[in-house]
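The values are calculated or read from the model by the stated rules, or taken from the named source; none is laboratory data. The shown structure was predicted, so the numbers you read here are calculated from the model rather than taken from an experiment. Heads up, the Cβs are rebuilt from the backbone with ideal geometry, glycines too, and the neighbour counts pull from every protein chain shown. When the accessible area is computed, the model is the full protein with side chains, heavy atoms only, and any ligands, DNA or RNA have been set aside. Shrake-Rupley method; radii C 1.70, N 1.55, O 1.52, S 1.80 Å.
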Amino acid sequence: MSALQVRTMADFAASGEVPEVLFWVGCAGSFDDRARKITKAFVRILNAANVKFAVLGQEESCTGDPARRAGNEFLFQMQALNNITVLNGYGVKRIVTACPHCFNILRNEYPALGGSYEVMHHTQFINALLQEGRIRIEGGSFQGKRITFHDPCYLGRGNDEYEAPREVLLKLDAALVEMKRSRAKGLCCGAGGAQMFKEAEPGNKEVNVERSEEALALAPNIIAAGCPFCNTMLTDGVKHFNKEGEVQVKDVAELIAEAGEL
Amino acid sequence: MSIGSIVFVLLFAAAVWWFARNAAKVRRNIALGRDEDRSDRPGERWGIMTRVALGQSKMVARPIAGILHIIVYAGFVIINIEVLEIIIDGIFGTHRVFRFLGGFYDLLIGSFEWLALGVWVACAIFLVRRYILKLKRFAMKELDGWPRTDATLILCTEIALMSAFLKMNAADQVLQARGVEHYVVAGAFPVSSALLVPILQHFSTSGLILIERCCWWFHIIGILAFLNYLPYSKHFHILLAFPNTWFSSLRPKTEIRNMERVTGEVRSMLDPSVAPPAPAPRTVAGAEVTERFGAKDVFDLTWKNLMDAYSCTECGRCTSECPANLTGKLLSPRKIMMDTRDRLEEVGRTIDAKGTWEDDGKSLHSRISEEELWACTTCNACTQACPVNIDPVGIIIDMRRYLVMEESRTRPALTGMFNNVENNGAPWAFAQSERLKWAEQ
């Protein structure tokens, strides 16, 4: 495995170059141990496809999504206006991110504050790379495996993207099995709306347990996710049922990187 | 003009007047909300209304309830063509004035009969689902009291109206066959002839005239009464479903509306040369309403939030798909809508009584608890499930905004998250300078 090729926006600016796309890593992708693996898998895909991409590195800051959804509009707008200053300062036009919450807020909510960009979710970006033939993968190692995809609310219901992750997964030659609650009827993992950062309100079950139970009922080898928070919630849910030995929770990018031996 | 005609005209005029008066109050209450432009892209809006309200496209996501509802809906809309004839007959003392349509008239009356039977059966099945099968979404506690009574009244009234319609037709056709004066031969009666004529044909002519007249009056008075019941009932959805879908949000479901005033405040914080925006208090119902961050009361929501509340017919599809509710949390999106409507009605009653709004010390938060608000994952399963495009999440977010920005009330862990975002630019306590560490490992 070769070393990751990562350049910052500042590097590009210093050498007078313009990247093809900005990879918005997000807080989970930067700091969370599990999500960092997703970040690296996606970077390996970008490297393999020779995508000239940049990251903001230390200049990136939380989009403000959890603050806004938890009612702190001031904090959200402070974050957003500062981020927009940075993004517009570099003349960023296209952004790709592996987090559906960053994707939603950058795509839909930054324009009202002066930040308009073409924003893609990493599954859309990977799908385009595969379609354009910039990367090729052999599904060999996944043949005969059962994969179920959990729709992230902020990608699916929120932004009507149900097909890109599935089209990517189909390239693995595995059996793609659907949960009853999928696509527009997909059940939340329980992390959205800032729930990730608080205790659940009193109830009789955790949302991630409910969702993991549904996924596990399909007896999959892999539960595929497209969101670092869903990934955490489902991983915990699988552990709740002591199934972590048999069932893996993996991001779509990780599966592609694995299949391509990247 | 006969006495019957005079009584009819007076009743009809009174019913229309009373309905218009109450509908105007609903309109006034909806207008208590903040302004929001929902008139862009009209072509798209007509399309949504045609598909979702007229075409019932979201109803059939649940096929059994959906198809039964379409039968009742189609019956309601189409049988009301018959009401037009009843009104003309009532005013002029005629009998089946549209019979000049000939074969087409027979076809119309025949299909009304089939629809009436369909509505009767569908409403009976709806009652079975509620009270015998006890479907979870209809057995929930939030429907205890008036909401459940309301639902039962609606279904029983529809069954009674359809029964009267069929009985009227049955008596009419026996009278027609006997050549009784006034009962000219008109119409085809495939359902009532099979179900009711075998019984009614043994009745005397005078008895049948009594039955026919009673059913005719019951049917039309029933419909006028039902019309006037609508503004007091969840059943108002049969009218508001149309504007409510026309004014649907055309934006992605997970997009949250920007707060312009906060933008002004933040810009002035970031750049001291920019003056903060002056608060712009509004006058609603003769009283000045302070401008707030987020929603404390109905005045702080938009008129569309309030129209949503009046459009809700408490079907509970939202709640039955809500991940919080499914896992035993207190939150029920349907209850959010019911509470919003009930609070709005309460405010409206105060305005009616006093002529202007006077603070009653209560608000939306008197009905909706923090525990409900903090249980939402903003997943939008509720907005997706709603057959008339109601958005409970928007209300939840605006109420959270009020709690956080005006009352500094939040969950302890969220305070920590806010601090981290503010100080480190991440919801966790990691330094911004370490953002690129992952690339080094």
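Numbers below:
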{"quantity": "Single residue of B:64, B:91 found to be within 22 Å of the chain's Cα centre (by Cα), of a type outside the set (Gly, Ala, Ser) and part of a helix (DSSP H, G or I)", "calculated": "B:64"}
{"quantity": "Given (1) touching a Phe, Trp or Tyr at 6+ places or on another chain (Cβ under 6 Å); (2) under 30 Å from residue A:201 (Cβ atoms), number of the condition residue B:289 does not satisfy", "calculated": "(2)"}
{"quantity": "Count of residues meeting criterion [surrounded by 13 or more Cβ atoms within 10 Å (Cβ to Cβ), aliphatic (A, V, I, L, M) and not in a loop (DSSP other than H, G, I, E, B)] in region B:348-380", "calculated": "3"}
{"quantity": "Hits in region A:1-34 (condition: more than 12 Å from every other protein chain (Cβ to nearest Cβ) and surrounded by 21 or more Cβ atoms within 10 Å (Cβ to Cβ))", "calculated": "A:19, A:22"}
{"quantity": "Those residues of region B:171-201 which are among the charged types (D, E, K, R) and assigned to a loop (DSSP other than H, G, I, E, B), in sequence order", "calculated": "B:178, B:181"}
{"quantity": "Filtered residues of region B:273-314 (kept if assigned to a loop (DSSP other than H, G, I, E, B) and among the hydroxyl-bearing types (Ser, Thr, Tyr))", "calculated": "B:273, B:290, B:313"}
{"quantity": "Residues of region B:233-272 classified as in a loop (DSSP other than H, G, I, E, B) and either surrounded by 15 or more Cβ atoms within 10 Å (Cβ to Cβ) or within 14 Å of chain A (Cβ to nearest Cβ) (or both), total", "calculated": "15"}
{"quantity": "Residue check, residue A:262 closer than 25 Å to residue A:164 by Cβ, open to solvent by 40 Å² or more (accessible area, probe 1.4 Å), among the hydrophobic types (A, V, I, L, M, F, W, C) and not in a strand (DSSP E or B)", "calculated": "yes"}
{"quantity": "Residues satisfying the stated conditions in region A:40-56, i.e. open to solvent by 10 Å² or more (accessible area, probe 1.4 Å) and facing chain B (nearest Cβ under 8 Å)", "calculated": "A:40"}
{"quantity": "Residue, farthest from residue B:169 (Cα to Cα), within region B:117-148, restricted to residues that are within 19 Å of the chain's Cα centre (by Cα) and open to solvent by 70 Å² or more (accessible area, probe 1.4 Å)", "calculated": "B:144"}
{"quantity": "Subset of region A:154-171 (residues that are within 14 Å of chain B (Cβ to nearest Cβ) and not hydroxyl-bearing (Ser, Thr, Tyr))", "calculated": "A:155, A:156, A:157, A:158, A:159, A:160, A:161"}
{"quantity": "Output for region A:172-216, where each listed residue is of a type in the set (Val, Ile, Thr) and within 11 Å of chain B (Cβ to nearest Cβ)", "calculated": "A:207, A:209"}
{"quantity": "Scope region B:403-441; condition of a type in the set (A, V, I, L, M, F, W, C), within 41 Å of the chain's Cα centre (by Cα) and under 18 Å from residue A:196 (Cα atoms); matching residues", "calculated": "B:404, B:413, B:414, B:417, B:418, B:421"}
{"quantity": "Output for region A:227-262, where each listed residue is over 21 Å from residue A:168 (Cα atoms) and of a type in the set (Phe, Trp, Tyr)", "calculated": "A:241"}
{"quantity": "Any chance residue A:37 is surrounded by fewer than 23 Cβ atoms within 10 Å (Cβ to Cβ), closer than 28 Å to residue A:132 by Cα and within 11 Å of another protein chain (Cβ to nearest Cβ)", "calculated": "yes"}
{"quantity": "Pairs, first over 17 Å from residue B:166 (Cβ atoms) in region B:201-218, second in a loop (DSSP other than H, G, I, E, B) and hydrophobic (A, V, I, L, M, F, W, C), C-beta under 6 Å, six or more apart", "calculated": "B:205/B:180"}
{"quantity": "Residue within region A:217-240 that is at pLDDT 95 or above, surrounded by fewer than 24 Cβ atoms within 10 Å (Cβ to Cβ) and in contact with a Phe, Trp or Tyr (Cβ under 7 Å, 6 or more places away or on another chain) present", "calculated": "no"}
